[in-house]
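First the structure, in the form of structure tokens, and then the observations on it.
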Amino acid sequence: MGATARKLQPKSIAGRQYQPYLEASWGIKNHWYPAAFSSELPERGTKGVMIAGHEIVLRRSRGKVYALQDRCIHRWVRMSDKPLRVSDDHMTCWYHGFCYGLEDGVLKTIIGAPEDPIINQVKIRTYPVQEINGLIFLFVGDEDYKPIPPLAADLPIRITDVPNPPGHPLDKEVYVRGIHRTANSNWRLAVENGFDPGHILIHYDNILMAATERKLYLGAEPITPAAVKMIDEPDGPKGIMNMYYDQSAYRMVQENPIVKMKVRGRVDYPVRTSMYLPGVLLVENWPLQGWAQYEWYVPTDDQHHEYWEVVVHPCHNADEREEADYLYEGAFEKIALRDFNDRDIFAREAMQKVYGSGKGWDKEVLCSMDTIIVGWRKLVSQFNRGIQEPPDFLE
Ligand code: FES
Ligand SMILES: [Fe+2]
């Protein structure tokens, strides 16, 4: 068999194993996604977001967050473009004054035509909302999808197999803080970068690594199938974990004599990464030991994602909160969330041109370090609750 044939055959088989994933350029639907930090939506505030092609307007009224279709059905303008707040019970369109009920999206009145027969006869859709620990999540997908799974099913599992388990975004006493920003790549490239055992090289000269003298291996080579653990909780999270804590499963690469590169740093404590549907990363012991970094790669359209970086730490009182703020503001946001992870955005955007055309998935030549990435593609293909179609106004 020639080299070309050897290369092509496994790839076409692999492609068939995760075809639904290849079709998910607009994301997977019927999942919970973060939409905003609570701090971005003050009382009577309005904010427009796009998630998997769904244009959604958020509104806070009497403390509660509502999410409605952002397009007014009258002439299809986006209501969040020019927020108009005339009452605490309605989302009012700035153009001709259609007033939709915040709870049910029903057209309750029209400011200049209060007797109009279409009142109470038409509606815009609403989205389920959950706000917790400063994060606002939306359930995005089919309007009639039932039953709506709990938010916990779309978040990382609670880690219990280590002495000081990391905090979880749903914990009662927890510090949760971070940023989000738009990046120019498809969401799948972002996910695959997030837990890629082979991408350590792009962080080789980061401030965070040098300043904390942390050991940075050249890579992680899976030795046995135990290197990758599938997580399939009944009615709970579906994910995949890099078993870096198990030295018999992964070989942490210390040196490469051919290019004369060696591991750097001396401080060595375990970091483990795992990824969950619909694209949520957990990095344990990051940015520092005892902390955890969670990331979401929320599809906006088929060529962009909203990149969420959130650090989480158990926190029981005001003193601990003050200490956490000090670390976050003095170091984490600047050198971890931005400087360190800026490299990741660079890498995803560098992949976008070839993958954005659809060709990358066929042309890529994967290596042993990509085992978990292939595992992730299969996982999404098996457990997604639906592949998101492009918005119908694009057809
Ligand atoms: S376009 Fe919204 S009320 Fe006319
Ligand atoms: Fe990275």
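Throughout, read-outs are computed from the coordinates displayed, never taken from laboratory work. Since the structure is predicted, the reported quantities are computational estimates derived from the model, not experimental observations. For neighbour counting, all protein chains shown are included, and Cβ atoms are generated from backbone atoms with ideal geometry for every residue, glycine included.
Straight Cα distances below 30 angstrom link K359 to the lysines K7, K11, K29, K229, K238, K378, with same-chain residues fewer than 8 positions distant left out. Is the shape of region 255-371 rounded, prolate or oblate, going by the alpha carbon gyration tensor and its root eigenvalues a ≥ b ≥ c, with a/c under 1.5 for rounded and a/b larger than b/c for prolate? It comes out oblate by the Cα gyration axes. For the chain, the longest principal axis of the alpha carbon atoms and the long axis of helix 3-17 meet at an angle near 40°.
Shape of region 32-98 from its Cα gyration tensor (a ≥ b ≥ c, root eigenvalues): rounded if a/c is under 1.5, otherwise prolate when a/b > b/c, or oblate? Judged from the Cα gyration tensor, region 32-98 comes out oblate (a/c at least 1.5, b/c at or above a/b).
The convex hull defined by the C-alpha atoms of region 149-394 has an orientation-averaged projected area of 14.7 nm².
Residues whose amide H lies under 5 Å from that of G105, counting only those 5 or more places away or on a different chain, are absent; hydrogens are built 1.01 Å from N in the peptide plane. Couplings 3J(HN,Hα) for region 111-121, derived from phi with the Karplus relation 6.51 cos²θ - 1.76 cosθ + 1.60 (θ = phi - 60°), are 3, x, 8, x, 9, 4, x, 7, 4, 6, 9 Hz, where x marks Gly and Pro. Along region 335-352 the Karplus relation, 6.51 cos²θ - 1.76 cosθ + 1.60 evaluated at θ = phi - 60°, assigns HN-Hα couplings of 9, 9, 5, 9, 3, 5, 7, 4, 5, 5, 4, 4, 5, 5, 5, 5, 7, 4 Hz to successive residues, with x for each Gly and Pro. When peptides 290-297, 237-244, 198-205 are sorted by average Cβ neighbour count within 10 Å, with the highest value leading, the order is 290-297, 237-244, 198-205. Using Cα pairs closer than 8 Å and at least 6 residues apart in sequence, work out the relative contact order for the chain, in percent. For the chain, the relative contact order is 21 percent. In this structure, the amide hydrogen of R177, modeled 1.01 Å from its nitrogen in the peptide plane, lies closer than 5 angstrom to those of V311, counting only residues at least 5 positions away or on a different chain. Compared with the dominant principal axis of the Cα atoms in the chain, helix 318-327 is inclined by about 60°. Axis of helix 371-383 versus longest Cα principal axis of the chain: the two differ by about 30°, to the nearest ten degrees. Protection proxy ranking of 151-157, 44-50, by the mean of other Cβ atoms within 10 Å over each peptide's residues and highest first, is 151-157, 44-50. With a Förster radius of 45 Å applied to the C-beta separation of I223 and S39, the computed FRET efficiency comes to 0.50. Working note: Karplus 6.51/-1.76/1.60 with θ = phi - 60° gives region 32-43 the couplings 8, 10, x, 10, 6, 6, 4, 5, 7, 10, x, 3 Hz, where Gly and Pro are set to x.
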